[in-house]
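One structure is given below, encoded as structure tokens.
The values are calculated or read from the model by the stated rules, or taken from the named source; none is laboratory data. Just so it is clear, the structure is predicted and the values come from calculations on it, not from any experiment. Because the Cβ atoms are built from the backbone with ideal geometry, glycine has one as well, and the counts that use them run over all protein chains shown. In case anyone asks, the SASA skips ligands and DNA or RNA and just uses the protein heavy atoms, side chains included. Shrake-Rupley method; radii C 1.70, N 1.55, O 1.52, S 1.80 Å.
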Amino acid sequence: MRPAFAVGLVFAGCCSNVVFLELLARKHPGCGNIVTFAQFLFIAVEGFLFEADLGRKWPAIPIRYYAVMVTMFFTVSVVNNYALNLNIAMPLHMIFRSGSLIANMILGIIILKKRYSIFKYTSIALVSVGIFICTFMSAKQVTSESSSSENDGFQAFLRWLLGIGALTFALLMSARMGIFQETLYKQFGKHSKEALFYNHALPLPGFIFLASDIYDHAVLFNKSELYQVPVIGVTVPIMWFYLLMNVITQYVCIRGVFILTTECASLTVTLVVTLRKFVSLIFSILYFQNPFTVWHWLGTLFVFIGTLMYTEVWNNLGTTKSQLQKKDKKN
């Protein structure tokens with residue numbers, strides 16, 4: 001599948017997914033576990049029917065390798081969603097996770113012994129600086145809001161700090177998972193659909209430990225206001241509608257990401273995902289009327305200048321597809 005189509009899936013699915021996630025998190029900040037479970041269950045069922053052929057198709061990549069990947073993927077998903085319950089606002093959540101770009105490069109250098117040109121280092125530095133500026137401004141806003149609404153400002157700050165720690169851990173784990181995937185694809189070939197299925201099916205038993213929290217939020221969802229779904233006219237609690245749309249858009253998003261991992265190097269995949277997160281951030285700020293200062297615009301400028309430098313648009317005009325693929329492999 002062409003990389004351009006995969007990029008389209010990533011932007012369309014992931015950006016709309018963030019909107020429904022924020023709608024869920026604004027009403028119930030601690031709903032991360034039920035959201036993660038619903039996403040994993042949907043993708044696992046779809047993969048069991050169409051990819052695993054009802055369990056009759058044997059995986060091309062040995063299960064023991066998927067066990068390692070699944071452990072990382074499950075941990076990243078749960079920790080990232082739970083961070084929303086630790087005084088982490090959605091804009092800060094999105095921008096901070098975008099720091100995986102620099103984490104991916106650092107781990108790539110350490111683990112895979114990769115080397116990049118000074119031009120690439122500079123471009124990624126610009127993207128990282130832009131993300132840092134927006135992160136700092138969002139964090140400053142969250143801190144001020146917490147101190148004005150909480151009686152115990154110090155306790156609120158500790159929760160926020162714990163949330164930052166959780167996001168940092170998930171950031172490094174996600175980068176390590178990307179490199180591990182890249183290594184597996186080199187050894188066993190590219191099997192994006194298979195990886196998508198096993199990464200979501202194998203962790204399902206782990207949700208037993210989260211069953212109580214998932215049930216509690218299911219009860220809360222049932223008590224939400226009723227909403228008539230357009231076109232089909234069915235009336236359901238609005239939180240269940242948000243969850244359904246979040247699951248569908250998450251499937252489109254994650255499908256695009258896994259396809260992209262089979263077409264491009266790990267750093268390139270991370271760059272695409274990083275830009276998607278930044279677009280989601282801007283949309284979230286505008287749609288939910290979150291403040292967007294001059295510093296946010298400066299961060300935006302840095303991100304897109306860094307992106308243009310990384311892709312070397314001006315140098316690639318007229319370059320053939322095969323030549324671009326060779327350049328991407330070198331980088």
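The residue list N151, N104 contains one member that is more than 24 Å from W297 (Cβ to Cβ), modelled with pLDDT under 80 and open to solvent by less than 70 Å² (accessible area, probe 1.4 Å), which is N104. Among the residues of the range 225-241, not a single one is of a type in the set (G, A, S) and touching a residue at least 40 places away in the same chain (Cβ under 8 Å).
When only residues in the range 116-136 that are under 23 Å from the mean Cα position of the chain (by Cα) and β-branched (V, I, T) count, which is farthest from H93 (Cα to Cα)? Here the residue is I124.
Residues in the range 40-54 that are open to solvent by less than 20 Å² (accessible area, probe 1.4 Å) and either among the polar types (S, T, N, Q) or assigned to a helix (DSSP H, G or I) (or both): F40, I43, A44, G47.
Only one of the listed residues (A166, A218) is within 18 Å of the chain's Cα centre (by Cα) and in contact (Cβ under 8 Å) with a residue 12 or more places away in the chain. That residue is A166.
Looking only at the range 219-237, residues that are part of a helix (DSSP H, G or I) and open to solvent by less than 20 Å² (accessible area, probe 1.4 Å) come to 1 in all. Report yes if I111 is at pLDDT 80 or above, more than 30 Å from I214 (Cα to Cα), open to solvent by less than 10 Å² (accessible area, probe 1.4 Å) and in contact with a helix residue (DSSP H, G or I) (Cβ under 8 Å, 6 or more places away or on another chain), otherwise no. Considered against the rule, which asks whether it is at pLDDT 80 or above, more than 30 Å from I214 (Cα to Cα), open to solvent by less than 10 Å² (accessible area, probe 1.4 Å) and in contact with a helix residue (DSSP H, G or I) (Cβ under 8 Å, 6 or more places away or on another chain), I111 comes out as no. The C-beta contact set for the range 105-120 (first residue at negative phi, second residue open to solvent by 40 Å² or more (accessible area, probe 1.4 Å) and at pLDDT 85 or above, distance under 7 angstrom, 6+ apart or interchain) comprises L107/R176. When the criteria are applied in full, E22 fails the requirement of being in a helix (DSSP H, G or I), modelled with pLDDT of 90 or more and of a type in the set (D, E). Taken over the range 255-273, the criterion of being open to solvent by 20 Å² or more (accessible area, probe 1.4 Å) and outside any loop (DSSP other than H, G, I, E, B) is satisfied by R255, V257, T261, E263, T268, V272, V273.
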